[in-house]
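Asker: Below you will find the structure I want to go over with you.
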């Protein structure tokens with residue numbers, strides 16, 4: 001009973017202390033980073049569908065407000081790198097770079113509080129040192145999640161690329177030019193699945209071309225954003241076709257077949273390596289089974305002899 005009362009009192013005091021901190025330190029108007037385009041649409045959808053996201057976002061914005069005021073050239077370079085990674089991840093959580101740093105702070109405080117309460121319940125005293133270490137280490141978790149999101153998105157782009165280019169080729173075979181065919185593919189893709197990463201990237205290409213960017217430059221920007229070997233090869237072929245005057249539909253059709261062959265070879269190679277990789281742990285499992293069986297037989301023989 002004493003532990004329960006102590007835990008309740010500690011929780012209430014923590015909430016009150018944090019409330020006083022926010023009331024005293026946070027300005028009345030929090031300056032926010034401007035968001036627009038797909039990130040704005042994604043944030044609206046997350047606010048409507050995810051209650052936890054809606055509750056935590058105001059706290060993230062508080063920390064983002066102070067992260068924005070950190071000066072320094074290295075900090076600006078870090079923000080640019082983080083902005084690039086967030087874009088490559090498909091705008092994970094619809095966060096801006098400063099909001100992502102705020103997310104790291106929120107995660108660290110959350111894990112710190114959890115460890116404090118958990119050690120209080122289990123050991124009847126709060127382990128402050130363990131809580132601080134756990135809180136600092138947990139601030140790296142959003143970065144791990146971000147890298148994972150980038151890798152997953154790249155895999156999804158490579159997987160969806162042949163099918164999307166097929167639709168583009170069919171539209172061009174029907175008599176449409178590249179920009180009109182791209183517009184049709186992007187429009188239909190956004191209706192069917194607005195979170196499709198290849199549709200998002202092609203939508204950016206379409207927007208750049210509409211504002212006057214040359215097709216070659218827009219495609220090069222696409223390669224720099226996505227960093228996919230398949231996409232680099234296809235864009236390189238498109239640029240070469242423009243210089244030589246080769247029909248673009250033919251080039252895209254050849255590239256799609258090439259990409260499919262490369263993907264098939266990659267999958268076959270991974271499947272062949274799986275048998276070799278699984279052999280090593282199977283040896284340990286087999287050894288453990290043999291030890292258990294032989295040990296049981298030896299113990300039985302020893303007990304029978306005795």
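Every number here is computed from the coordinates shown, using simple stated rules; none is lab data. Note that this is a predicted model, so its numbers are computed, not measured.
Asker: Of all alpha-carbon pairs in the range 155-263, indicate the percentage at a distance above 26 angstrom.
Answerer: On the way: 409 of 5886 pairs.
It works out to 7 percent of all Cα pairs.
Asker: Which semi-axis lengths, in whole Å and largest first, follow from the square roots of five times the eigenvalues of the Cα gyration tensor of the range 53-127? Before the final figure, lay out the partial values.
Answerer: Details: eigenvalues 176, 40, 25 Å².
Equivalent-ellipsoid dimensions as semi-axes: 30, 14, 11 Å.
Asker: Would you calculate, for the chain, the mean residue ellipticity at 222 nm contributed by helices, counting each DSSP H stretch of 4 or more residues as -39,500 (n - 2.57) and dividing by all residues, to the nearest 500? Display every interim value, and only then the final one.
Answerer: Details: 12 runs with 257 residues, N = 306.
Using -39500 (n - 2.57) per qualifying helix, the result is -29000 deg cm²/dmol.
Asker: Contour minus end-to-end for residue 136 and residue 40, with contour as 0.36 nm per residue of separation and end-to-end as the Cα-Cα distance?
Answerer: 31.5 nm
Asker: Over every pair of different alpha-carbon atoms in the chain, take the mean of 1/r and invert it; report that Kirkwood radius in Å.
Answerer: Details: mean 1/r = 0.0410 Å⁻¹.
After inverting the mean inverse Cα-Cα distance, the result is 24.4 Å.
Asker: So how much slack lies between residue 269 and residue 47, counting 0.36 nm per residue of separation and subtracting their Cα-Cα distance, in nm? The partial results should precede the final answer.
Answerer: Values: separation 222, 0.36 × 222 = 79.92 nm, distance 4.25 nm.
Result: 75.7 nm gained on full extension.
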